[in-house]
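Reading through the structure tokens given below for one structure.
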Amino acid sequence: MKKYFKYLKGDGVIWVITLLLLAFSLVSVYSFVPILVKMEGGTPFKYLFKHMVYVSIAFTTMFWIHKKNPIYFSKLARFSFYASIGLLIFTFFFGTKVNGAGRWIPIPFVGLTFQASDFAKLALILYISRLLAKKKDVLNSWKQGFWPILIPIIVVCGLIVKDNFSTAAIVFMICLVILFLGKVPLVKIGSLVVGGILLFALVVATHKALPNLNLLPRYQTWENRILSRFDMKPEIADEIEVVDNAQAKNAELGIFNGGILGQGPGDGKVKEYVPEAYADFFFASFVEEYGLLGAIILVMLYLILLYRMIKIALKSDKLFETYTVLGIGILLLSQATVNMLVCTGIFPVTGQNMPLLAMGGSALIMTCVGIGIVQSIATRQQTKDEKTDEKEKEIQNAFVG
């Protein structure tokens with residue numbers, strides 16, 4: 001095993017957990033797709049093979065990125081941000097719709113799809129981290145410091161929110177955390193929060209006043225989900241919401257059936273009734289088969305990942321690296337937390353899946369890209385420590401000689 005791990009630089013604990021989750025995702029995808037087979041045809045092996053392709057792409061990309069110097073990520077941050085804007089605009093007009101949401105860009109000839117928001121949220125974290133490091137001395141200035149940081153956040157979240165409110169909200173909250181860690185004055189952060197709320201309220205009001213513009217095509221679905229979650233709208237006319245309620249109830253039932261040790265691998269029933277058992281309701285399917293004990297282990301693995309990333313972030317001597325690693329760690333844990341809260345009935349139904357575990361796609365690839373960036377930064381620190389140790393040994397040997 002050691003001869004293979006010698007090629008993996010950076011944080012060993014992160015590598016072990018990441019590879020463990022990726023390997024387990026193959027088992028879970030094969031187990032959690034029965035209803036997908038019923039709805040779209042094929043066999044579990046078909047979806048397993050497709051997922052294996054994504055896992056292979058994700059791991060290869062992660063391995064390649066972790067070998068690169070972190071300085072490249074800072075230099076590419078601006079380009080990545082503008083590229084993400086282009087992809088989001090393209091998706092806005094030409095995105096393929098699934099369940100009423102036009103979030104996906106079809107990739108010609110290979111039959112795969114790419115979700116632009118997955119790329120955009122990582123690109124925004126990189127760009128905001130770069131701006132905070134670059135403008136650390138002028139953050140008190142609205143014109144020179146704050147507005148150049150504020151505008152990218154508004155643009156990306158504004159383009160995402162049309163079809164994916166939960167992702168836009170998560171990205172917005174992560175940006176607020178990064179701004180706070182970047183020592184942006186609280187008055188300015190507060191103004192961003194108030195301004196974001198007012199801007200969103202204005203868009204909602206415009207959508208209701210001028211429905212023909214169709215500014216928020218999924219607004220009715222969002223409203224139904226929130227109101228039904230709090231029993232404020234007992235009679236739901238929206239067909240999608242009826243399906244969401246059924247999925248949410250089945251997910252809660254699956255968690256209840258899991259007990260302490262679970263029903264056992266492959267013996268869960270939720271996956272036969274919940275169309276998104278392999279993605280949006282992954283945690284419910286997982287708990288039913290592996291129980292409370294499995295859920296605790298899974299939560300601990302994600303928390304350990306975040307802890308290791310925090311250590312890497314605090315150890316870095318470059319602000320860009322610190323903000324980037326913290327942003328990636330918070331993003332990963334936020335997605336996992338939302339998936340758990342939805343499955344346990346605390347949050348309304350959203351489209352957030354479990355990082356590294358749910359059936360593969362652009363989300364899996366971009367998660368691995370983020371981890372690759374973290375490992376690249378950890379590798380630089382590791383190399384720096386090794387050089388420091390070598391110099392100390394040389395000095396000691398010189399004195400001894």
Note down all Cβ pairs under 6 Å where the first residue falls in segment 240-261 and is closer than 10 Å to A284 by Cα and surrounded by 22 or more Cβ atoms within 10 Å (Cβ to Cβ), the second is among the charged types (D, E, K, R) and at pLDDT 75 or above, and they're at least six residues apart or on different chains.
G254/E288; G258/E288
Determine the pairs where a residue that is in contact (Cβ under 8 Å) with a residue 60 or more places away in the chain and in a helix (DSSP H, G or I), located within segment 17-31, has a partner that is crowded, with 16+ Cβ neighbours inside 10 Å and basic (K, R) with Cβ atoms under 9 Å apart, the partner being 6 or more residues away or on another chain.
I17/R308; V29/K50; S31/K271
Working carefully through the options T43, T60, find the one that is of a type in the set (S, T, N, Q), within 19 Å of V274 (Cα to Cα) and without any contact (Cβ under 8 Å) to a residue 12 or more places away in the chain.
T43
Could you tell me which of the residues I85, I105 is among the β-branched types (V, I, T), in contact with a helix residue (DSSP H, G or I) (Cβ under 9 Å, 6 or more places away or on another chain) and modelled with pLDDT of 90 or more?
I85
Among the residues of segment 262-279, is any part of a helix (DSSP H, G or I), closer than 22 Å to K121 by Cα and touching a residue at least 40 places away in the same chain (Cβ under 8 Å)?
no
Could you give me the residue pairs with C-beta distances under 6 Å whose first residue belongs to segment 361-378 and is on the phi < 0 side of the Ramachandran plot and buried (at least 24 other Cβ atoms within 10 Å of the Cβ), whose second residue is in a helix (DSSP H, G or I) and among the aromatic types (F, W, Y) wherever it lies, and which are 6+ apart or on separate chains?
L364/Y54; I373/F73
Between a first residue in segment 316-330 that is of a type outside the set (F, W, Y) and a second residue that is outside any helix (DSSP H, G or I), which pairs have beta carbons less than 8 Å apart while being 6 or more apart in sequence or on different chains?
K318/P70; L319/K136; L319/G182; E321/P70; T322/S316; V325/S316
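Here is a yes/no grid of residues against (1) over 21 Å from the mean Cα position of the chain (by Cα); (2) in a helix (DSSP H, G or I); (3) at pLDDT 80 or above; (4) of a type in the set (G, A, S):
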site: P148; (1), (2), (3), (4): yes, yes, yes, no
site: I151; (1), (2), (3), (4): yes, yes, yes, no
site: D163; (1), (2), (3), (4): no, no, no, no
site: I170; (1), (2), (3), (4): no, yes, yes, no
site: M173; (1), (2), (3), (4): no, yes, yes, no
site: K188; (1), (2), (3), (4): yes, yes, yes, no
site: V204; (1), (2), (3), (4): yes, yes, no, no
site: L216; (1), (2), (3), (4): yes, no, no, no
site: Q220; (1), (2), (3), (4): yes, yes, no, no
Looking only at segment 345-363, decide whether some residue is closer than 28 Å to L48 by Cβ and at pLDDT 95 or above.
no
Residue check for A169: of a type in the set (G, A, S) and over 15 Å from F320 (Cβ atoms):
yes
Taking only segment 48-62 into account, find how many residues are among the aromatic types (F, W, Y) and more than 23 Å from V37 (Cβ to Cβ).
1
Can you tell me which residues in segment 281-322 are of a type in the set (D, E) and part of a helix (DSSP H, G or I)?
E288, E289, E321
Among the residues in segment 335-345, are any outside any helix (DSSP H, G or I) and over 15 Å from L122 (Cα atoms)?
yes
Restrict the check to segment 73-85 and report whether at least one residue is over 23 Å from A123 (Cα atoms), more than 18 Å from the chain's Cα centre (by Cα) and assigned to a helix (DSSP H, G or I).
no
Within segment 270-324, the residues that are in contact with a Phe, Trp or Tyr (Cβ under 6 Å, 6 or more places away or on another chain) and small (G, A, S) are A277, S285
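The values are calculated or read from the model by the stated rules, or taken from the named source; none is laboratory data. The structure presented is a predicted model; accordingly, all values stated were derived computationally and were not measured. Backbone-built Cβ (ideal geometry, glycine too); neighbour counts: all protein chains shown.
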